[in-house]
Amino acid sequence: STASLRIIGKPDQPSRGTAEPEMRGLYILLTLNNDGGMEVLKYAASLYVNRPEIYNSRPVQLALSVFRAKKDYNYARFFSILRSPDTPYLFACIMFKYVEQMRKAALRIMAKTFGARRKDTGENFYDKYSLRDLVHLLSFESEDEAREACQH
């Protein structure tokens, strides 16, 4: 997009900045939802071909891991990256933009998984999942916040 060209330049041209890999990773995180994820795929492909040293950098690979986790609704991976002490602070801040969406996806998936029906009788069969574990898994601030999310 023209905005990305203004902010970080063309993917096939070196930048004058010292933190180019971080800036390109941040750009990926900020554009995860653009054009259904196609903008990230095109951008990553261009980096892969034209700037492999940037494409293979830790910040870009981390941003692509977040992209894959979000795209695949892999909430465990998404929140694991968010909680990791290796995730840069600014990356985590941008990831918070997607926390609500990932929590909703996680709760939908878990409702199907833990609220299954018995094959022989068709009765509902609810497995239990600890609220404390849910707080950790989905990075809630407290059990009250997790409980409220489950009730909606």
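Results, tabulated for the structure shown:
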read-out: Matching residues, segment 80-99, being open to solvent by less than 30 Å² (accessible area, probe 1.4 Å), of a type outside the set (Val, Ile, Thr) and touching a residue at least 40 places away in the same chain (Cβ under 8 Å); value: Leu82, Phe91, Met95, Tyr98
read-out: Residue ID - farthest from His136 (Cα to Cα), chosen from residues in segment 62-79 that are of a type outside the set (Lys, Arg), free of Cβ contacts under 8 Å to residues at least 24 places away in the same chain and open to solvent by 50 Å² or more (accessible area, probe 1.4 Å); value: Asp72
read-out: Condition met for Ala146 (part of a helix (DSSP H, G or I), of a type outside the set (S, T, N, Q), open to solvent by 30 Å² or more (accessible area, probe 1.4 Å) and out of contact with any Ser or Thr (no Cβ under 8 Å at 6 or more places or on another chain)); value: no
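Residues checked against (1) farther than 15 Å from Phe91 by Cβ; (2) buried (at least 17 other Cβ atoms within 10 Å of the Cβ); (3) at pLDDT 95 or above; (4) hydrophobic (A, V, I, L, M, F, W, C):
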{"position": "Thr2", "(1), (2), (3), (4)": "yes, no, no, no"}
{"position": "Arg6", "(1), (2), (3), (4)": "yes, no, no, no"}
{"position": "Gly9", "(1), (2), (3), (4)": "yes, no, no, no"}
{"position": "Asp12", "(1), (2), (3), (4)": "yes, no, no, no"}
{"position": "Thr18", "(1), (2), (3), (4)": "yes, no, no, no"}
{"position": "Arg24", "(1), (2), (3), (4)": "no, yes, yes, no"}
{"position": "Thr31", "(1), (2), (3), (4)": "no, yes, yes, no"}
{"position": "Gly37", "(1), (2), (3), (4)": "yes, no, no, no"}
{"position": "Ala44", "(1), (2), (3), (4)": "yes, yes, yes, yes"}
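The values are calculated or read from the model by the stated rules, or taken from the named source; none is laboratory data. Because the structure is predicted, anything quoted here is derived from the model rather than measured. Neighbour counts run over all protein chains shown; Cβ positions are idealised from the backbone, glycine included. All accessible areas refer to the heavy atoms of the entire protein, side chains included, with ligands and DNA or RNA removed. Shrake-Rupley method; radii C 1.70, N 1.55, O 1.52, S 1.80 Å.
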